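A quick write-up on the structure given underneath.
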Amino acid sequence: MDQTLQNILTQQQSLMEKLVELAKANAESSSLTDNASTSANSGGVMEMLSKCIKDFVYDPESNLTFEAWYARYDHLFGEDANKLPDPQKVRLVLRKLDPQIFDKYTDYLLPKVPRDLDFQTTVSTLKMLFGRKESLFSARVACLQFTKSPDMDFVSYGAVVNRNCDHFEFGKLTENQFRRY
């Protein structure tokens, strides 16, 4: 009876080892399939987002800055692209840059290349390079001197006042700074 019990235990142990090997094999093939489908899905997401985002063209006089462009699509990068890895988000942003802007950006980064930077660094660098070109002082003076022209409708006037006040940065203005004007 001891020999019979021993044989049964040996058979069970070998069956358990085979089950463990099968489970490992299934897990590896499932992982490979998941990785392949995730990469295919992220490629599809990237293409879909690329079609939704207009190219960035820099014109600071018309308030076409990177910051304004990014604010328009911030929800896409924050929500829809949040599952994309950083390198794909960087590629998506760079893909939407005007060729001249892209060249200036890559020249600025030398000897680094764009793929060396993470998404947040890429965005902050682009905001710095392709932001407003007027000083805070001149933005404040322009805001204080702005008047409504007779041919301007009130909605347009309100929009310009809002933009000028935003550039004025009232929250950062101290009493002493205001007295200097």
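Worth pointing out:
- Prolate/oblate/rounded call for the stretch 46-153, Cα gyration tensor, a/c under 1.5 rounded: prolate
- Computed from phi, the 3J(HN,Hα) profile of the stretch 146-156 under the Karplus parametrisation 6.51, -1.76, 1.60 (θ = phi - 60°) reads 5, 10, 7, 7, x, 8, 8, 6, 5, 5, 5 Hz, with x in place of Gly and Pro.
- For the stretch 46-69, the residues whose amide N sits under 13 Å from a probe point set 7 Å from the Cα of LYS104 along the beta carbon direction are 56-67.
- The mean sequence separation of alpha-carbon pairs under 8 Å and at least six residues apart, normalised by the residue count of the stretch 60-181, gives a relative contact order of 30 percent.
- Other-chain or far-sequence residues with amide H under 5 Å of LEU64's (modelled H): ASP59
- Within the stretch 57-181: Cβ-based charge dipole about Cα centre, in debye rounded to nearest 20 (Lys, Arg +1; Asp, Glu -1): 240 debye
- Partner lysines for LYS172 [C-alpha distance under 28 Å; skip if fewer than 8 residues away on the same chain]: LYS127, LYS133, LYS148
- Residues whose amide H lies under 5 Å from that of LEU97, counting only those 5 or more places away or on a different chain, are PHE56; hydrogens are built 1.01 Å from N in the peptide plane.
- Think of the stretch 39-181 as having a plus end and a minus end, set by charges on the Cβ of Lys, Arg, Asp and Glu; of THR174, PHE102, HIS75, THR174 sits farthest toward the positive end of this dipole.
- Spin-label model distance (nm) - ASP86 vs GLN120, 7 Å beyond Cα toward Cβ: 0.9 nm
Read-outs throughout are calculated quantities, based only on the coordinates presented, and are distinct from any laboratory measurement. Because the structure is predicted, anything quoted here is derived from the model rather than measured. Ideal geometry is used to build each Cβ from the backbone, glycine not excepted, and the neighbour counts take in all protein chains shown.
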